[in-house]
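Got a structure for you, questions after.
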Amino acid sequence: MASIELVRVTKTFEKNDVIKDLHLTIADGSFTVLVGPSGCGKTTLLRMIAGIDPQTAGSVLIGGKDVTSIAPGKRGVAMVFQNYAIYPTMSVRENIEFGLKNNKVDKEERKRLVETISATVGLADYLDRKPSTLSGGQRQRVALARAMVKKPSVFLMDEPLSNLDAKLRAQMRLELIELHKQLGTTFVYVTHDQVEAMSMADNIVLMNKGVIQQEAPPDGMYHDPSNLFAAQFIGVPPMNIGELSMNGAKFGFRPERAQVRPAGQAGGTNPDHFSMTGMIVTREMLGSETLYQVRRSDGNAYMVKCLEDLFAVDQEVQIDVAPEHLFFFAEDGSRIRRDDRSYAEYMRALRGMRNG
Ligand code: ATP
């Protein structure tokens with residue numbers, strides 16, 4: 001087990017600073033997920049930790065030790081990548097135990113480890129197969145198993161599940177959570193998929209354009225986003241965002257926080273709530289919940305999520321969001337919180353939007 005620390009790390013490609021002066025501490029034994037849109041620098045960060053493509057400036061510490069000048073194979077890290085090359089001429093068993101043989105682990109222990117780990121990743125019935133006879137997902141699991149047997153102090157994973165179908169991916173997510181619990185090892189997992197991040201991480205590091213936007217456990221990321229980018233990136237469907245009649249200012253609410261009722265029904269609206277009437281333009285019945293897109297007369301549409309499927313397309317409804325579920329953002333995307341001096345001004349601007 002080991003913590004990881006990145007101290008003032010910069011990575012430059014062709015005079016371009018992809019990551020600049022980045023600080024990050026990953027706690028020992030945590031399951032940390034680096035998430036962000038394509039090209040934001042997640043893989044670059046992971047490769048720096050692994051030592052495959054070292055930083056241009058700054059230091060990387062693993063277990064408190066500066067590993068900047070230590071070769072990748074000596075850092076105590078194991079990696080699984082999306083396109084991890086497994087040895088095509090070796091069977092699944094041979095692939096998995098390859099590193100163990102190299103490390104002179106005795107035959108009995110090798111057998112035990114290969115069997116336990118292959119069972120964990122669902123490959124127990126495939127041990128004598130050659131990789132060419134496996135599906136993409138099964139090959140990926142061989143790569144995962146091969147990294148697991150090394151018992152590294154840090155596990156680095158770059159989108160390891162992206163080649164799997166949705167069902168298997170969901171199953172593997174649970175298995176990775178379980179595996180992390182069993183091993184107690186530090187996991188650093190890269191994905192662009194926020195659902196994956198939310199479901200597996202105990203700590204999420206959200207990046208955009210090489211800059212950390214927010215670092216928080218999943219519930220903090222969801223309920224307390226620190227800026228507009230975090231608010232929009234995390235959540236399916238994403239947070240509704242609307243313009244306020246103030247320079248670049250915005251408000252937002254999560255789709256499940258809106259109370260929806262038929263328009264014109266008795267019951268006044270609270271002046272501190274965001275209230276609007278609109279027409280349902282789409283309805284997606286998802287089983288346990290229904291998503292409606294509600295369009296206001298000004299043309300803006302908002303997604304709402306209801307547990308009961310009570311409304312129909314073309315129906316006029318009223319939406320109501322209580323102030324504790326409203327978010328405000330300044331022009332630069334920073335969050336305006338309730339204890340902020342300008343909060344009242346944002347609330348006034350929101351009230352000005354009524355009856356639209
Ligand atoms: P994805 O989710 O698409 O894998 P990512 O967040 O992992 O994206 P990186 O692969 O880290 O992003 O790339 C970050 C930026 O660095 C991108 O703009 C990319 O074009 C650039 N980059 C990465 N590797 C190199 C390289 N070897 N030479 C030049 N530019 C590079």
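The values are calculated or read from the model by the stated rules, or taken from the named source; none is laboratory data. Values in this document were obtained by computation on a predicted structure and should not be read as measured data. Cβ coordinates were reconstructed from backbone atoms using ideal geometry, including for glycine residues, and neighbour counts include every protein chain displayed.
Taking the residues in the stretch 24-44 that are more than 15 Å from the chain's Cα centre (by Cα) and touching a residue at least 24 places away in the same chain (Cβ under 8 Å) as candidates, determine which candidate is nearest to the ligand (Cβ to nearest atom).
First, pick out the residues of the stretch 24-44 that are more than 15 Å from the chain's Cα centre (by Cα): 24-29, 44.
From what's left, touching a residue at least 24 places away in the same chain (Cβ under 8 Å): 24, 26-29, 44.
Details: L24: 14, I26: 17, A27: 22, D28: 24, G29: 24, T44: 3 Å.
Within the stretch 24-44, the match that is nearest to the ligand (Cβ to nearest atom) is T44.
Ok, one more. Can you tell which of G278, G287, G242 is assigned by TED's automatic domain parsing to the domain that holds Y346, over 19 Å from A330 (Cβ atoms) and in contact (Cβ under 8 Å) with a residue 12 or more places away in the chain? Give the steps one after another, and end with the answer.
On the way: G287 fails: in contact (Cβ under 8 Å) with a residue 12 or more places away in the chain; G242 fails: over 19 Å from A330 (Cβ atoms).
The match here is G278.
Among the residues in the stretch 320-336, are any of a type in the set (K, R) and surrounded by fewer than 17 Cβ atoms within 10 Å (Cβ to Cβ)?
First pass over the stretch 320-336, keeping only residues of a type in the set (K, R): 335.
Still in the running and surrounded by fewer than 17 Cβ atoms within 10 Å (Cβ to Cβ): none.
No, every residue in the stretch 320-336 fails to be of a type in the set (K, R) and surrounded by fewer than 17 Cβ atoms within 10 Å (Cβ to Cβ).
Another question, if that's okay. Here is a list of conditions, (1) under 22 Å from A145 (Cβ atoms); (2) within 16 Å of the ligand (Cβ to nearest atom), and A2 meets all of them except one; can you say which number that is?
Answer for A2: the failing condition is (2).
Test M207 against the criterion of being touching a Cys at 6+ places or on another chain (Cβ under 7 Å) and at pLDDT 95 or above, and give yes or no.
Considered against the rule, which asks whether it is touching a Cys at 6+ places or on another chain (Cβ under 7 Å) and at pLDDT 95 or above, M207 comes out as yes.
Hey, any hits in the stretch 193-207 for a residue that's in a loop (DSSP other than H, G, I, E, B), in contact (Cβ under 8 Å) with a residue 24 or more places away in the chain, in contact with a Gly (Cβ under 9 Å, 6 or more places away or on another chain) and within 15 Å of the ligand (Cβ to nearest atom)?
Scanning the stretch 193-207, I find no residue that is in a loop (DSSP other than H, G, I, E, B), in contact (Cβ under 8 Å) with a residue 24 or more places away in the chain, in contact with a Gly (Cβ under 9 Å, 6 or more places away or on another chain) and within 15 Å of the ligand (Cβ to nearest atom), so the answer is no.
Still on this structure, I have one more. Does the stretch 240-255 contain at least one residue that is in contact with a Gly (Cβ under 9 Å, 6 or more places away or on another chain), among the polar types (S, T, N, Q) and surrounded by fewer than 22 Cβ atoms within 10 Å (Cβ to Cβ)?
Among the residues of the stretch 240-255, at least one is in contact with a Gly (Cβ under 9 Å, 6 or more places away or on another chain), among the polar types (S, T, N, Q) and surrounded by fewer than 22 Cβ atoms within 10 Å (Cβ to Cβ), which makes the answer yes.
Moving to a separate point now. Does Y292 satisfy being crowded, with 18+ Cβ neighbours inside 10 Å and under 13 Å from G242 (Cα atoms)?
When the stated conditions are applied, Y292 does not pass them.
May I pose another question? Look through the stretch 152-172, keep the residues that are touching a Leu at 6+ places or on another chain (Cβ under 7 Å) and farther than 19 Å from S38 by Cα, and return whichever of them is surrounded by the fewest Cβ atoms within 10 Å (Cβ to Cβ).
Residues of the stretch 152-172 that are touching a Leu at 6+ places or on another chain (Cβ under 7 Å), as a first pass: 156, 158, 160, 169, 172.
Of the ones still in play, those that are also farther than 19 Å from S38 by Cα are 169, 172.
Details: R169: 17, M172: 22.
The extreme case among them is R169.
Of these, V190, V142, which one is away from the ligand (no atom under 16 Å from the Cβ), on the phi < 0 side of the Ramachandran plot and not hydroxyl-bearing (S, T, Y)?
Working: V190 fails: away from the ligand (no atom under 16 Å from the Cβ).
From the options V190, V142, the qualifying one is V142.
Here is a further query. Could you go through the stretch 154-175 and let me know if any residue there is in a helix (DSSP H, G or I), of a type in the set (D, E), within 16 Å of the ligand (Cβ to nearest atom) and in contact (Cβ under 8 Å) with a residue 12 or more places away in the chain.
First, pick out the residues of the stretch 154-175 that are in a helix (DSSP H, G or I): 166-175.
Retained after the next criterion (residues that are of a type in the set (D, E)): 175.
With the extra rule that they be within 16 Å of the ligand (Cβ to nearest atom), the set shrinks to none.
There is no residue in the stretch 154-175 that is in a helix (DSSP H, G or I), of a type in the set (D, E), within 16 Å of the ligand (Cβ to nearest atom) and in contact (Cβ under 8 Å) with a residue 12 or more places away in the chain.
Do we have E94 as within 16 Å of the ligand (Cβ to nearest atom) and free of Cβ contacts under 8 Å to residues at least 24 places away in the same chain here?
On the way: within 16 Å of the ligand (Cβ to nearest atom): no; free of Cβ contacts under 8 Å to residues at least 24 places away in the same chain: yes.
When the stated conditions are applied, E94 does not pass them.
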